1. Tell me the residue from Val75, Val138, Val111, Val92 that is more than 27 Å from Thr26 (Cβ to Cβ), without any contact (Cβ under 8 Å) to a residue 60 or more places away in the chain and among the β-branched types (Val, Ile, Thr), please.
2. Can you confirm whether region 45-52 contains a residue that is within 17 Å of Ser13 (Cβ to Cβ) and surrounded by fewer than 17 Cβ atoms within 10 Å (Cβ to Cβ)?
3. Could you list, in sequence order, all residues of region 81-117 that are in a strand (DSSP E or B) and farther than 23 Å from Cys57 by Cβ?
4. I'd like to verify a number: residues in region 43-74 that are hydrophobic (A, V, I, L, M, F, W, C), at pLDDT 95 or above and touching a Gly at 6+ places or on another chain (Cβ under 8 Å), how many?
5. Could you please tell me which pairs satisfy a Cβ distance under 6 Å, a separation of 6+ or placement on different chains, a first residue in region 1-19 that is more than 18 Å from Phe129 (Cα to Cα) and of a type outside the set (Val, Ile, Thr), and a second residue that is at pLDDT 75 or above and part of a loop (DSSP other than H, G, I, E, B)?
6. Please verify whether region 33-41 includes one or more residues that are part of a helix (DSSP H, G or I), buried (at least 19 other Cβ atoms within 10 Å of the Cβ) and among the β-branched types (Val, Ile, Thr).
7. Going residue by residue through region 72-92, is there one that turns out to be charged (D, E, K, R), within 16 Å of Arg148 (Cβ to Cβ) and crowded, with 20+ Cβ neighbours inside 10 Å?
8. Looking at (1) of a type outside the set (Lys, Arg); (2) assigned to a strand (DSSP E or B); (3) more than 23 Å from Asp143 (Cβ to Cβ), which is the one condition that is false for Val64?
Amino acid sequence: MSQELKLPWRHTSVGIIDDKVEWRRTVRSMVLSFGVTEVVEASDGSDFLKKMNKQDCDLSLLLVDDDMHPMDGFVFMYNLRAKAAEPLRRVVSILMAGQYNAEIGKHALDVGYNNVLSKPFSARELENFAQKTLMCPVQWKEDGGILRPVAIA
């Protein structure tokens, strides 16, 4: 009988970027229930970038809302993949899409997200999705000044 490989969440730090405080709290509660010990929260992309300039945190995963103001999830990821310092530039990132369709999925991949998860989701869905995304081997490709993840099949 094969045993499913599980991520050691206690060694995982997660960034949650969403302008809705209630949703940030919900997602924070979910990831803490997995065993995550460090969570960085921000209300939008620019807020997150300011926080990361002020603290030293090696994030394992970013969970980012698509629709925020003043900096939405797409502009944020473009800036992160184009301008952030290593290792933050290569952090595994999942777009939390309010309304998913093929166009949003393509746009998310074009700006550098590793994957897209539709809202709303349960803790179990998030944990399974995040584990699969984090455990998927990734190569990085510099393209037009943007660093993009390329999943290895």
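The values are calculated or read from the model by the stated rules, or taken from the named source; none is laboratory data. What you see is a predicted model; the values in this text were computed from it and never measured. In this analysis, Cβ positions are derived from the backbone assuming ideal geometry, glycine residues included, and neighbour counts consider all displayed protein chains.
1. On the way: Val75 fails: more than 27 Å from Thr26 (Cβ to Cβ); Val111 fails: more than 27 Å from Thr26 (Cβ to Cβ); Val92 fails: more than 27 Å from Thr26 (Cβ to Cβ).
Step by step, each of Val75, Val138, Val111, Val92 is checked, and only Val138 is more than 27 Å from Thr26 (Cβ to Cβ), without any contact (Cβ under 8 Å) to a residue 60 or more places away in the chain and among the β-branched types (Val, Ile, Thr).
2. Step one: of region 45-52, the residues within 17 Å of Ser13 (Cβ to Cβ) are 48-49, 51-52.
Okay, now just the ones that are also surrounded by fewer than 17 Cβ atoms within 10 Å (Cβ to Cβ), so 51.
Yes, region 45-52 contains at least one residue that is within 17 Å of Ser13 (Cβ to Cβ) and surrounded by fewer than 17 Cβ atoms within 10 Å (Cβ to Cβ).
3. Step one: list which residues in region 81-117 are in a strand (DSSP E or B), which gives 92-97, 115-117.
Within region 81-117, Ala97, Val116 qualify.
4. Of the residues in region 43-74, the ones hydrophobic (A, V, I, L, M, F, W, C) are 48-49, 52, 57, 59, 61-64, 68, 71, 74.
Subset that is at pLDDT 95 or above: 61-64, 74.
Cutting the leftovers down to touching a Gly at 6+ places or on another chain (Cβ under 8 Å) gives us 61-64.
Of the residues in region 43-74, 4 are hydrophobic (A, V, I, L, M, F, W, C), at pLDDT 95 or above and touching a Gly at 6+ places or on another chain (Cβ under 8 Å).
5. Note: pairs meeting the criteria are Asp19/Ser43; Asp19/Asp44; Asp19/Met68.
6. No, region 33-41 contains no residue that is part of a helix (DSSP H, G or I), buried (at least 19 other Cβ atoms within 10 Å of the Cβ) and among the β-branched types (Val, Ile, Thr).
7. First pass over region 72-92, keeping only residues charged (D, E, K, R): 72, 81, 83, 86, 89-90.
Next, from what is left, pick out any that are within 16 Å of Arg148 (Cβ to Cβ): 81, 83, 86, 89-90.
Those left that are additionally crowded, with 20+ Cβ neighbours inside 10 Å: 81.
The answer is yes; a qualifying residue exists.
8. (3)
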